[in-house]
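Here is the structure we will look at, set down as structure tokens.
The values are calculated or read from the model by the stated rules, or taken from the named source; none is laboratory data. These numbers come from a predicted model, not from an experiment. All Cβ positions, glycine included, derive from the backbone under ideal geometry; neighbour counts span all protein chains shown.
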Amino acid sequence: MKKLKNPAVLVLAMLLLAALSLCGCGQAEDLTTVRVNEVTHSIFYAPFYVAMQQGYFAEEGIEIELVNGGGSDKSMTALLSGQADVGLMGPETAVYVKNEGRENHAVIVAQLTKKDGSFLLGKEPDEDFSWEKLAGTSVIGGRSGGMPEMTLEYVLKQQGMTPNVDVTVRTDVQFDLMGGAFIAGEDDYVTMFEPSASTMELAGEGYIVASVGEAAGDAPFTCFMVTKDYLSAQPELVEAFVRAVYKGQQYVQSHSAQEIAGAILESFPDSEPELIATVVQRYLDIDVWKSEPMMVEEDYERLLAIIREAGIIEEAPEMKELVENSIGEALVK
């Protein structure tokens, strides 16, 4: 074996490798893990996944640990019990918790979506669909008190129909089982989020006939929230989290459906890029995503109107009691 003429070179090389290794470990150790419980896993939350996959959270020193809650009620339970640091869910759950008088209630720190992201699917294609066609039919609408179901009822009332009088709205099917129940059952329609809705359509198991969100109009639909105590204890971390979300929102506002699909592809490894791009374009067409993290007072009032019309609440907290817009406002400025 040929001997190294200058052993000092070998020593220096080993020291450099060790230093690089330590730097890499240090960077990983510097990241703070934030446990996020999302109500479901959907392309509907594209700006969030953009922030994850494009490294915006890492830039803020955050590593995301993501859990699918399978419903807003379950995600809120995880948040309040300390199993999650951040909840991504419907703001109606924060209203309910605040109404209960809980001291350490949920605080909304960023709004992600401004319309209902669910689509109405029927058994057959219907290019001439109108909401009046739901009269006399049965619709799997989701959990009673959940935003998807309440928004559906709101749309029906806007169209002159009374839920469970003119049209049957089922609320007895668990959120993540709605697609299977529709495929296996005799109900005429079901509301589904993406990519499940388009996946069912491609399989011939249901056909998208309308957008619930487009029919309902703007209202806070999905928000990031933390507990009051967590916000008090970790204000800088929460600000960094919202900053990363805002970067994701800006990306979505300035890129094409194909580019957004490529940016979130790793979050949906079982979906084809073409399907993801189709879904993203569908959401872009109905202007579903917020461009900034702040909640608008007018939209909050529509949220309360939807909940009140569903008969869930009579009284509700003022927006300032539930929403912390100052973080987003500072970032935008």
Filtering region 273-293 down to residues that are out of contact with any Ser or Thr (no Cβ under 9 Å at 6 or more places or on another chain), more than 16 Å from ASP116 (Cβ to Cβ) and either surrounded by fewer than 19 Cβ atoms within 10 Å (Cβ to Cβ) or polar (S, T, N, Q) (or both) yields PRO273, GLU274, SER291, GLU292
The lone condition MET147 fails out of (1) over 16 Å from the mean Cα position of the chain (by Cα); (2) under 24 Å from VAL323 (Cα atoms); (3) outside the structural domain of ARG243 (by TED's automatic domain parsing); (4) hydrophobic (A, V, I, L, M, F, W, C) is (1)
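So that you can scan it fast, the table gives a plain yes or no per residue for (1) touching a helix residue (DSSP H, G or I) at 6+ places or on another chain (Cβ under 8 Å); (2) charged (D, E, K, R); (3) not assigned by TED's automatic domain parsing to the domain that holds SER81:
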residue	(1), (2), (3)
PRO235	no, no, no
LYS247	yes, yes, no
GLY262	yes, no, no
GLU272	no, yes, no
ILE276	yes, no, no
ILE286	yes, no, no
SER291	yes, no, no
MET295	yes, no, no
If we ask which residues in region 181-230 are out of contact with any helix residue (DSSP H, G or I) (no Cβ under 8 Å at 6 or more places or on another chain), free of Cβ contacts under 8 Å to residues at least 60 places away in the same chain and either in a helix (DSSP H, G or I) or not aliphatic (A, V, I, L, M) (or both), their number turns out to be 5
Among residues of region 21-72 being touching a Gly at 6+ places or on another chain (Cβ under 7 Å) and of a type in the set (D, E, K, R), the residue modelled with the lowest pLDDT is ASP30
Quiz item: Any chance region 232-242 includes a residue that's touching a Gly at 6+ places or on another chain (Cβ under 6 Å) and not in a helix (DSSP H, G or I)?
Solution: no
Inside region 277-333, the number of residues satisfying the requirement of being in a helix (DSSP H, G or I) and β-branched (Val, Ile, Thr) is 7
Out of (1) closer than 24 Å to THR40 by Cα; (2) modelled with pLDDT of 95 or more; (3) out of contact with any Ser or Thr (no Cβ under 6 Å at 6 or more places or on another chain); (4) among the aromatic types (Phe, Trp, Tyr), the one PHE119 does not meet is (3)
When restricted to GLU324, GLU309, the only residue in the same structural domain as GLN111 (by TED's automatic domain parsing) and surrounded by fewer than 18 Cβ atoms within 10 Å (Cβ to Cβ) is GLU309
